[in-house]
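Please treat every number below as a calculation from the coordinates, not as lab data. Quick caveat, the model's predicted, so the values are computed rather than measured. All Cβ positions, even for glycine, are placed from backbone atoms using ideal geometry, and neighbour counts span all protein chains on display.
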Amino acid sequence: MKRVLVTGMSGAGKSTLLDELASRGFPAVDTDYGDYLEEIDGERLWREDRIRTLLHDAPVAETGALFVQGTVRNQGLFYPCFDHIVLLSAPVEVLVERLSTRTTNSYGKDPAELAATLEYVETVEPLLRASATLEVVTTVPVREVADIVLAHIGLPSPPV
C-alpha cells in the first residue's frame with residue numbers, strides 16, 4: 001500500500017482533496033482530527049506514537065493507497081514512511097478568499113491567523129516544496145486535483 005502525505009498551507013484545499021479521495025473509496029485521514037496532534041510550548045505537533053501507529057499498522061486498502069493530510073513542523077520525521085509527499089498550493093489571493101469564506105473551519109478568519117498563514121507561504125511553503133514529490137496548484141476543480149494526484153502515484157481513479 002502506498003502512503004501519501006497531502007500537505008500545504010491553510011486554504012490550499014487539503015481537506016477538500018481528502019473528501020474527494022474518500023468519496024472515491026480511498027482511505028483518508030485528516031490529522032487535524034482524531035487525537036493525532038498535541039500541543040507543546042503552544043505549537044501543535046503530530047503525536048509521534050499516533051502517527052507511527054497510523055502509518056505502520058494501517059490495514060492494506062483494496063485501493064492501494066492511504067492518504068494522510070497534515071502540515072506540522074515535525075512532519076519531516078515521517079517523510080521516510082511516505083511513498084509520496086504531495087504539496088497543494090494556491091496563489092495568495094486564492095488562499096485569502098478561501099480562508100475568509102470557508103464554513104467548515106474557522107482558522108484564518110482571525111486577522112492574526114491570516115497574517116500567520118501569509119507568512120508561512122513565504123517561510124514554510126518553500127521547505128514543503130523542497131520535499132514534495134508533486135506540487136499541485138489547486139486553482140482547478142478538486143476532481144482534477146484528485147486525478148492528477150492519483151496519476152502521479154500510479155493509481156487509476158476508481159469508477160464513480
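What is the antiparallel percent of DSSP beta bridges lying wholly in the chain, to the nearest 5? Don't skip to the end; give the middle numbers.
Numbers: 4 of 21 bridges.
Of all bridge pairs located within the chain, approximately 20 percent are antiparallel.
Cβ crowding within 10 Å, taken as a proxy for footprinting-reagent exposure, orders His56, His84, His152 from fewest neighbours to most as His56, His152, His84.
When Lys14, Lys2, Lys109 are ordered from fewest to most other Cβ atoms inside 10 Å of their Cβ, what list results? Walk me through the numbers before you get to the answer.
Values: Lys14 24, Lys2 15, Lys109 12.
Arranged by neighbour count, lowest to highest, Lys14, Lys2, Lys109 become Lys109, Lys2, Lys14.
Taking Cα Rg over 2.2 N^0.38 Å as calculated from this structure, the corresponding entry among (1) 1.00; (2) 1.22; (3) 1.07 is (1).
For the pair region 1-29 and region 96-134, the centres of their Cα atoms are 16 angstrom apart. Just tell me the longest site-free run in the chain, where the sites are chymotrypsin sites (Phe, Trp or Tyr not before Pro) in a DSSP loop having at most 15 other beta-carbon atoms within 10 Å. Counting at most 15 other Cβ atoms within 10 Å as exposed, the longest clean stretch of the chain is 34-106. Counted residue by residue at 0.36 nm each, then reduced by the alpha carbon distance between them, the extension gain from Thr139 to Ser157 reaches 4.5 nm. In plain terms, the chain from Asp35 to Met1 could stretch by 9.9 nm, reckoned as 0.36 nm per residue minus the Cα-Cα distance.
Summing +1 for each Lys or Arg and -1 for each Asp or Glu among the other residues whose beta-carbon sits under 13 angstrom from that of Gly25 gives -2. Working note: Karplus 6.51/-1.76/1.60 with θ = phi - 60° gives region 131-142 the couplings 9, 6, 8, 7, 10, 10, 7, 8, 8, 9, x, 4 Hz, where Gly and Pro are set to x.
Please give me, ordered by residue number, the GluC sites (Glu not before Pro) of region 83-152 that lie in loop per DSSP and have at most 16 other Cβ atoms within 10 Å. Before the final figure, lay out each step's value.
Details: sites: Glu93, Glu97, Glu113, Glu119, Glu122, Glu135, Glu144; in loops: none.
Of the GluC sites (Glu not before Pro), not one in the loops of region 83-152 has a Cβ with at most 16 other Cβ atoms within 10 Å.
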